[in-house]
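The values are calculated or read from the model by the stated rules, or taken from the named source; none is laboratory data. Being a predicted model, the structure only gives us computed values, none of them experimental. Cβ placement follows ideal geometry from the backbone for every residue including glycine, while neighbour counts extend to all protein chains displayed. SASA here: full protein model, heavy atoms, side chains in, ligands and nucleic acids out. Shrake-Rupley method; radii C 1.70, N 1.55, O 1.52, S 1.80 Å.
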Amino acid sequence: MNQHDAQKMANLLRHDGWARADGAEAADLVVIHTCSIREKAEHKLYSELGRVLGRKREEPGLLVGVGGCVAQQEGEALLRRFPALDFVFGPQNLVHLAELARGARARVRGLRVDYDDDPQVRFELPELHPEFAGTSPGRAWVTVMEGCDLFCAYCVVPRTRGREVSRASAKILAEVERLAAGGVSEVTLLGQTVNAYGRPRPGMAAGEIAFAELLRRIAAVSGIRRIRFTSPHPAFVGDDLIAAYGELEALCPHLHLPVQSGSDRVLGAMNRRYDRKGYLETVARLRAARPGLALTTDLIVGFPTETDADFAETLSLMDEVGFTDSFSFKYSERPGTPAARRGLGELAPELAQARLEELQARQRALTLAAHAARVGERVEVLVDGQPGHERRQRSGRDPQNRLVNFRAGPDASAGRYVQVHVEGYTPHSLLGAQIGLQG
Ligand code: SAM
Ligand code: SF4
């Protein structure tokens, strides 16, 4: 989501007459895009900002802005703390970036952290120029909703990205049609709780469609062969979404479904709105609808009060589901979150670190087993834009979102689909050869 926001920012500035610089050192305008999901991410801003503002002492004409979630969280305090900083804007105000940059040129300091009255305004952005469309030929991200209304105890997102707002479905479909006409065949729909899309919320047009219907309409767009989305919330995986997995061929057989913990006590304290049994039932129903569905997840270790027994339940849930991959994090206390307000603190750092390492070792074993099971299969790969070091070595993603490195034929150009025979694997990818080139 942040990468896509960065594309939108660069694109907005281009639209307003700015051009891409030859690296940050050569730029007249530097916009630092920030994340505050964990403390470590937030600290990166301060080291980077120190460096850039140091340069501004030598080059007073340099303009510097800070956007993203730390900007939203800190707001005016950032302008007070850094008098040379030109402007600050939160994620909902990305659409106003060009205006802020123009103000900065006229030596007006800017702060945009309030919400527009009409929440749809944030989605009204110019079409991405190919220079910033970025991911890889044939693939594109599409924002379908923003914000979050769920308030998990550890999470700063509802505070930084604001309340849940779904984008008008007509606008989403128009964007997908435009992308498909330009050669995009794989779209990844983005939202903090993407499958909550279409819930009646303030600022949403009446009679909007639900997420499963949105998927159906996108699947019907000519040229769209693969649909992915991230991140769904387990509490919103309803009958209609499960049915969509059985019906829509374009819906990729991979779901990133964050679970966070395998312990009911911890899930309750996190305010996750599902329990272990409910999560496992959802997984079983999804797999019944779409055999071979690969599941990946997010996990937090060391949530306050997590015991050895709670942690053991997370490990056993990982085994039970057989996650193909996971993102795992040590709990980090974030300002203003329910857990921080409860004054729960963090576990001893060594304990959290030891649990993280154990969990990651378990995941490595599960990933290797999942990869080993794929040897001998024939998979369809969408070739990405990065040719390998060796001649004819290419990579791409299979429908389950596994990275596949393979020996390619001359027709395996970026953005095309090829059939690959899986011959081996590493911890991070499947290895193979394009059909017709084996042996
Ligand atoms: N909305 C998604 C969901 O409900 O799972 C997740 C979005 S969040 C930006 C991405 C991941 O960051 C979360 O799934 C969680 O594992 C992790 N995360 C969020 N807050 C965290 C915190 N305070 N400490 C550690 N990890 C955190
Ligand atoms: Fe954060 Fe929970 Fe919302 Fe995900 S659902 S963004 S973890 S508050």
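Rounded to the nearest 5, the antiparallel percentage of DSSP beta bridges internal to the chain is 35%. Taking every C-alpha pair closer than 8 Å and separated by at least 6 residues, the mean separation divided by the residue count of the chain gives a relative contact order of 11 percent. Taking amide hydrogens as placed 1.01 Å from N in the peptide plane, the amide H of residue 263 sits under 5 Å from those of 314, each at least 5 positions away in sequence or on another chain. Cross-link partners of residue 40 among aspartates and glutamates, defined as those whose alpha carbon lies under 17 angstrom from its own and excluding same-chain residues fewer than eight positions apart: 48, 74, 333, 346, 350.
Heavy-atom accessible area, probed at 1.4 angstrom with all protein chains present, ranks 298, 308 as 308, 298, highest first.
Accessible-area rank, largest first, for 121, 64: 121, 64, with all protein chains present and a 1.4 angstrom probe. Report, in whole Å, the centroid distance computed from the Cα atoms of segment 288-315 and segment 136-188. If you average the Cα positions of each part, the centres end up 25 Å apart.
Sorted largest first by accessible area at a 1.4 angstrom probe radius, with every protein chain in place, the residues 362, 80 fall in the order 80, 362. With 22 Å as the limit, the listed pairs 8/330; 8/171; 8/56 have 8/330; 8/56 beyond it between alpha carbons.
Computed over the chain with a Gaussian network model linking Cα atoms closer than 10 Å, the most mobile of 198, 322, 90 is 322. Here the relative contact order of segment 123-167, from alpha carbon pairs under 8 Å that lie six or more residues apart, stands at 35 percent.
Accessible area per residue for the chain, computed on protein heavy atoms with a 1.4 Å probe, is 44 Å².
Note on the chain: with a GNM built from Cα contacts shorter than 10 Å, the maximum mean-square fluctuation among 219, 294, 106 falls on 106. Surface composition of the chain: carbon plus sulfur atoms contribute 51% of the solvent-accessible area (1.4 Å probe, protein chains only, all chains present).
One Cα centroid belongs to segment 373-439, the other to segment 36-89; the line between them spans 42 Å. Measuring nothing but how far apart in sequence close Cα pairs (under 8 Å, 6+ apart) lie, relative to its length, segment 1-64 scores a relative contact order of 31 percent. Distance between the 7 Å Cα→Cβ label points at residue 368 and residue 288: 3.4 nm.
Applying a 4.7 Å Cβ-Cβ cutoff to the chain leaves 35, 69, 148, 252 as cysteine residues with no disulfide-compatible partner.
The alpha-carbon of residue 277 sits under 23 angstrom from the alpha-carbon of none of the lysines, leaving out residues fewer than 8 places away in its chain.
Helical runs assigned H by DSSP (4 residues or longer) give the chain a calculated mean residue ellipticity at 222 nm of -10500 deg cm²/dmol, each run adding -39500 (n - 2.57) before division by the residue total.
With the whole protein complex present, residue 125 retains an accessible surface near 50 Å², based on a 1.4 Å probe. Given a 10 angstrom Cα cut-off, can you work out which residue in 58, 333, 175 is the most mobile in a GNM of the chain? Maximum fluctuation in the GNM of the chain, among the listed residues, is at 58.
In this structure residue 111 has an accessible area near 70 Å², from a 1.4 Å probe over the protein heavy atoms.
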